[in-house]
Amino acid sequence: MSRTGTLFIISAPSGTGKSTLLTHVIGLNPQKRMLSVSHTSREARKGEQHGVEYYFISAEDFKERIEKSEFVEWAEVFGNYYGTSKTAIEKILLQGKDVFLDIDWQGAQQLKKVIPNVTTIYILPPSKTVLYSRLQGRDLDATDVVEHRMDEAVKEMSHHTEYDYVIINDDLEQAKLEIQSIVMSKRLQRPYQIEKHHDLIKKLLEE
């Protein structure tokens, strides 16, 4: 039976290229890596699909699920709720697949209390100027909203010290190599290698 997969938390303020890095690292091995799809009470943006970017549900439905302890983590961000299904995560991990969670530091704190051995990665921009420019370039929000997101980003980035790894996304190709290296290193740990190369190791140790 395959070993349980690894759970990864990827956090970063909006505009750091987090989604691009996640898409890249999962795409390198889609059979063994999956992005967890969170639930949210916010309205879907143009082009977003239910069950792809998020499971879009009402605030009332979300609160009921909280009461039933269906989320391994949840948070209220900018007036909307976001949460990760406990059952969905466990099901994927038991299949031996790695699961990637795109959540903020609040969710990470909650989840680590439930699953202490989770691997956490924080992505930082190369500067505030670059971050602001990226947020403006998205054309998704009004100027006042961008200003508010910048203020929140500074607060969010102060929590990078709570993570196992930190990636500065200045050079995208370098950042891709770094996140791939982190993921690969987990599969090279002794328990995985012993299981994968069981027959070889047995022969090597025969007298």
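Of Leu188, Leu140, Leu135, all but one fail to be loosely packed, with under 15 Cβ neighbours inside 10 Å, modelled with pLDDT under 95 and in contact with a Lys or Arg (Cβ under 9 Å, 6 or more places away or on another chain); the exception is Leu140. The C-beta contact set for region 88-102 (first residue under 13 Å from Gln31 (Cα atoms) and at pLDDT 90 or above, second residue part of a helix (DSSP H, G or I) and of a type in the set (Val, Ile, Thr), distance under 6 angstrom, 6+ apart or interchain) comprises Val99/Ile89; Val99/Ile92. Could you please give the count of residues in region 12-52 that are part of a loop (DSSP other than H, G, I, E, B) and more than 14 Å from the chain's Cα centre (by Cα)? Here the count works out to 17. Kindly indicate whether any position in region 143-151 is outside any helix (DSSP H, G or I) and either touching a strand residue (DSSP E or B) at 6+ places or on another chain (Cβ under 8 Å) or not basic (Lys, Arg) (or both). Within region 143-151, none of the residues are outside any helix (DSSP H, G or I) and either touching a strand residue (DSSP E or B) at 6+ places or on another chain (Cβ under 8 Å) or not basic (Lys, Arg) (or both). Scanning region 94-125 for residues that are in a loop (DSSP other than H, G, I, E, B) and out of contact with any Ser or Thr (no Cβ under 6 Å at 6 or more places or on another chain) returns Gln95, Lys97, Ile103, Ile115, Pro116, Asn117, Val118. Would you check if Val154 is out of contact with any Phe, Trp or Tyr (no Cβ under 8 Å at 6 or more places or on another chain) and either in a loop (DSSP other than H, G, I, E, B) or surrounded by fewer than 17 Cβ atoms within 10 Å (Cβ to Cβ) (or both)? Considered against the rule, which asks whether it is out of contact with any Phe, Trp or Tyr (no Cβ under 8 Å at 6 or more places or on another chain) and either in a loop (DSSP other than H, G, I, E, B) or surrounded by fewer than 17 Cβ atoms within 10 Å (Cβ to Cβ) (or both), Val154 comes out as yes. Against the numbered list (1) surrounded by 17 or more Cβ atoms within 10 Å (Cβ to Cβ); (2) part of a loop (DSSP other than H, G, I, E, B), Ile9 comes up short only at (2).
Taken together, the criteria place Glu162 among residues that are at pLDDT 95 or above, more than 21 Å from Thr20 (Cβ to Cβ) and acidic (Asp, Glu).
Screening region 70-93 for residues that are more than 22 Å from Ala59 (Cβ to Cβ) and touching a Ser or Thr at 6+ places or on another chain (Cβ under 7 Å) and picking the one that is surrounded by the fewest Cβ atoms within 10 Å (Cβ to Cβ) gives Leu93. Against the condition charged (D, E, K, R), touching a residue at least 24 places away in the same chain (Cβ under 8 Å) and surrounded by fewer than 18 Cβ atoms within 10 Å (Cβ to Cβ), how does Lys32 come out, does it pass? Taking the combined requirement at face value, the residue satisfies it. When Asp102 is tested against (1) more than 15 Å from Val72 (Cβ to Cβ); (2) buried (at least 17 other Cβ atoms within 10 Å of the Cβ); (3) touching a strand residue (DSSP E or B) at 6+ places or on another chain (Cβ under 7 Å); (4) not hydrophobic (A, V, I, L, M, F, W, C), exactly one condition is not met: (1).
The values are calculated or read from the model by the stated rules, or taken from the named source; none is laboratory data. None of the values given here were measured: they were computed from a predicted structure. Note that we place each Cβ from the backbone using ideal geometry, even for glycine, and neighbour counts take in every protein chain shown.
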